[in-house]
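**Q** Dropping the structure in here first, questions after.
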Amino acid sequence: MTGWRSRALALIWPTLGIAALLMVWALVHHAYGALVMPSLADTAAALQRIAASGALINALSSTLLHAVGGVLLGISAGFALGLAGGLIVPLGAALAPIASIILAIPPIVWVVLSFLWFGVGGLGALITVAITTLPVIFAATLQGVRARDPLLAEMATVFRLPWRSRMTRIMLPSLATVLAPALTTAIAISWKVALTAEVLGDGSGIGGRFAEARAHLDLAEAMAWIALVACLVLVVDKISLGSLRHWLQRAQPASSSALIEQPARCAAPPAATERRC
Amino acid sequence: MLTLSNIAFTLGGRLLLDRFDLTVSPGEITVLLGRSGIGKTTVLRLAAELLRPTGGTIVNSFRRTSYVFQEPRLLPWSSALDNVALALDPLERSRRKRRAEAELWLTRLGFEPSDFGKYPAQLSGGMQSRVAIARALIVKPELVLMDEPFAALDFPLRRQLQALTRDLCRAQNTAALFVTHDLAETAAIADRVAVMGGSPAQVLSTFAQAPTPSLPELWVAVAELAQRDELRGVFDPPARHAISR
């Protein structure tokens, strides 16, 4: 019962935030008319039309492939390179400026280059997402590996922990704090880049359908696609990072004010004579 | 048996240890006593193969060696139970068995089941030290290296943990090399005392020490220890002329 209540309470503020956003939307529509902002009802109707037409599944699967596929590729490569760079110092030093250069180049440049290299089809969008998210994860992983606690590494050596335990019990959890915000950024970037590539590309995916709606000056449909993307971003973020954030919240050292009051029996061990083995 | 013979160790061009000899016998708690900064932790790190000596030989014939560090070195993202069970990772494949054994050890060290799931940040300093001791002893080591593990704790808690550690080592016939600069700790826990001094440091003398279960006996033992010839000059303040100079 308490769990349900706390979960319901946790949903109240995000729901209020979204409600406020919808209210602003309605106010803008009321103030400036349907040419600037379509009404919520028109947008909902457009959304219903999209869902009924069957275009939704095609567009959704295309965009998911570009964004999620690309970001997975970027995360895997960025993490592997960051880990290797953190453990092998010269490699890290060599890769760091390359990552900075890639990070500094605007995604639109990669979109154009990908179209030239791989064509305007789906592969270009996927590769663009991978290239733009890779350095974000690489930099975070590199920083995390370099900043890892040497005392824990020494403890692992003394207890002769196997490689797998060192990785899963020490390295990955210690990286989680720096990786969580980087993953959030990478996932957010992936949607932006995938949609940009689709808008400029062959018309596939949600971006392509959005561009088509814009070309027909169908603002309600364009906003319906945008609303769909927003929902998708929230769902994917919750699914992919929700449990990581929950774990981080539980496992982070509590602040002194949050420290649990120790009962008297816990503050001291039992008398040695009572605990002979 | 752990034998350090004629050890020399240089760090940053400075000779820290020279002609350093020390033996730790099975089942015996050997206290390495010396002032702060003399290189006691270095000796433990050499014994744990975390450092390589510049000269001399180290022979460790104990089947399994464990370590209790000066600070608990617990994984902040793992519960007390998982921190203890971690040490069994290389020895026991079954996670269920590892956790069951960890529960046993935490109970042995005075934890309630409600404490098992707590994270290090939710534990007091004494509890963290006990988790570290449980982690070191769960592997049933023949030798445990202890680096002033109770230095940050208050006297009553320190005394209880000293007694507990001593009893647990006795019960498992575990030898210990215990590093401290504290005479009361030495009197409370030692079977044998190795006095470290000089520059570069070496073992100046070793002598047997009787255990002291009660507090009045402890103070008598400390007073006797302080009077020993072997400690003369080791903890004395520097001469006045040395300060003025």
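The values are calculated or read from the model by the stated rules, or taken from the named source; none is laboratory data. Everything quoted here is computed from the prediction, not taken from an experiment. No Cβ is skipped: glycine too gets one built from the backbone with ideal geometry, and neighbour counts run over all protein chains shown. Ligands, DNA and RNA are excluded from the accessible area calculation, which covers all protein heavy atoms including side chains. Shrake-Rupley method; radii C 1.70, N 1.55, O 1.52, S 1.80 Å.
**Q** Take B:Leu218 and decide whether it is more than 15 Å from B:Ala163 (Cα to Cα), outside any strand (DSSP E or B) and at pLDDT below 85.
**A** no
**Q** At the interface with another protein chain (Cβ under 9 Å from one of its Cβ atoms), over 28 Å from B:Thr30 (Cβ atoms), among the small types (Gly, Ala, Ser) and within 23 Å of the chain's Cα centre (by Cα) - does that describe any residue in the stretch B:122-141?
**A** yes
**Q** Something else about it: Among the numbered criteria (1) in contact with an Asp or Glu (Cβ under 9 Å, 6 or more places away or on another chain); (2) part of a helix (DSSP H, G or I); (3) over 30 Å from A:Gly121 (Cα atoms), which one does A:Leu161 miss?
**A** Status for A:Leu161: all satisfied but (2).
**Q** Follow-up question, since we're still on this one. May I ask you to list the residues in the stretch B:35-59 that are under 12 Å from B:Val24 (Cβ atoms) and either without any contact (Cβ under 8 Å) to a residue 60 or more places away in the chain or open to solvent by 50 Å² or more (accessible area, probe 1.4 Å) (or both)?
**A** Result: B:Ile58, B:Val59.
**Q** Quick check on B:Leu164: is it in the same structural domain as B:Val220 (by TED's automatic domain parsing) and buried (at least 21 other Cβ atoms within 10 Å of the Cβ)?
**A** So B:Leu164 fits the description; yes.
**Q** Continuing with this model, one more query. So A:Ala125 fits all but one of (1) among the aliphatic types (A, V, I, L, M); (2) at pLDDT below 95; (3) more than 16 Å from A:Gly203 (Cβ to Cβ); (4) within 20 Å of the chain's Cα centre (by Cα); what number is the exception?
**A** (3)
**Q** OK, next. So how many residues does the stretch B:1-52 have that are in a strand (DSSP E or B) and either of a type in the set (D, E, K, R) or under 14 Å from the mean Cα position of the chain (by Cα) (or both)?
**A** 10
**Q** Please verify whether B:Ser94 is crowded, with 16+ Cβ neighbours inside 10 Å and over 30 Å from B:Ser199 (Cα atoms), treating the condition exactly as stated.
**A** No, not satisfied.
**Q** Looking at the stretch A:202-218, which of the residues that are in contact (Cβ under 8 Å) with a residue 40 or more places away in the chain and in contact with a helix residue (DSSP H, G or I) (Cβ under 6 Å, 6 or more places away or on another chain) is surrounded by the fewest Cβ atoms within 10 Å (Cβ to Cβ)?
**A** Looking at residues that are in contact (Cβ under 8 Å) with a residue 40 or more places away in the chain and in contact with a helix residue (DSSP H, G or I) (Cβ under 6 Å, 6 or more places away or on another chain), I get A:Ser204.
**Q** OK, next. So is B:Thr65 within 11 Å of chain A (Cβ to nearest Cβ) and among the β-branched types (Val, Ile, Thr) or not?
**A** Judged against the criteria, B:Thr65 is a match.
**Q** Do we find that A:Val36 is at pLDDT below 90 and either open to solvent by 60 Å² or more (accessible area, probe 1.4 Å) or not in a helix (DSSP H, G or I) (or both) in this structure?
**A** It is true that A:Val36 is at pLDDT below 90 and either open to solvent by 60 Å² or more (accessible area, probe 1.4 Å) or not in a helix (DSSP H, G or I) (or both).
**Q** Please tell me if B:Leu86 is more than 8 Å from chain A (Cβ to nearest Cβ) and hydrophobic (A, V, I, L, M, F, W, C).
**A** When the stated conditions are applied, B:Leu86 does not pass them.
**Q** Name the single residue that is surrounded by the most Cβ atoms within 10 Å (Cβ to Cβ) among those in the stretch B:112-143 being touching a Lys or Arg at 6+ places or on another chain (Cβ under 8 Å) and outside any helix (DSSP H, G or I).
**A** B:Leu143
**Q** Would you be able to say whether some residue in the stretch A:112-135 is farther than 21 Å from A:Thr63 by Cα, open to solvent by 50 Å² or more (accessible area, probe 1.4 Å) and not hydrophobic (A, V, I, L, M, F, W, C)?
**A** no
**Q** State yes or no: is B:Ser205 modelled with pLDDT of 80 or more, not in a loop (DSSP other than H, G, I, E, B) and not hydrophobic (A, V, I, L, M, F, W, C)?
**A** When the stated conditions are applied, B:Ser205 passes them.
**Q** Let me ask something additional. Among residues belonging to the stretch B:196-224 that are in contact (Cβ under 8 Å) with a residue 12 or more places away in the chain and among the β-branched types (Val, Ile, Thr), point out the one that is farthest from B:Ile7 (Cα to Cα).
**A** B:Thr212
Residues are listed down the side, and each one gets a yes or a no for (1) more than 19 Å from the chain's Cα centre (by Cα); (2) without any contact (Cβ under 8 Å) to a residue 12 or more places away in the chain; (3) open to solvent by less than 50 Å² (accessible area, probe 1.4 Å):
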position	(1), (2), (3)
A:Thr63	no, no, yes
A:Leu73	no, no, no
A:Ala77	no, no, yes
A:Ala84	yes, yes, yes
A:Leu87	yes, no, no
A:Ala96	yes, no, yes
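**Q** With the requirement that a residue be more than 14 Å from chain B (Cβ to nearest Cβ) and over 19 Å from A:Ser62 (Cα atoms), what does the stretch A:169-213 give you?
**A** Within the stretch A:169-213, A:Pro181, A:Ala182, A:Leu183, A:Thr184, A:Thr185 qualify.
**Q** Within the group B:Ser124, B:Ser78, which residue is under 17 Å from A:Leu152 (Cβ atoms) and of a type in the set (Ser, Thr, Tyr)?
**A** B:Ser78
**Q** Can you pull out every residue in the stretch A:173-200 that is open to solvent by 40 Å² or more (accessible area, probe 1.4 Å) and over 17 Å from the mean Cα position of the chain (by Cα)?
**A** The answer is A:Thr196, A:Val199, A:Leu200.
**Q** Only residues that are outside any helix (DSSP H, G or I), in contact (Cβ under 8 Å) with a residue 60 or more places away in the chain, more than 14 Å from chain A (Cβ to nearest Cβ) and charged (D, E, K, R): list them for the stretch B:144-195, please.
**A** Correct list: B:Glu148, B:Asp191, B:Arg192.
**Q** Restricting attention to the stretch B:92-112, which residues are of a type in the set (A, V, I, L, M, F, W, C) and more than 9 Å from chain A (Cβ to nearest Cβ)?
**A** Across the stretch B:92-112, the qualifying residues are B:Ala100, B:Ala102, B:Leu104, B:Trp105, B:Leu106.
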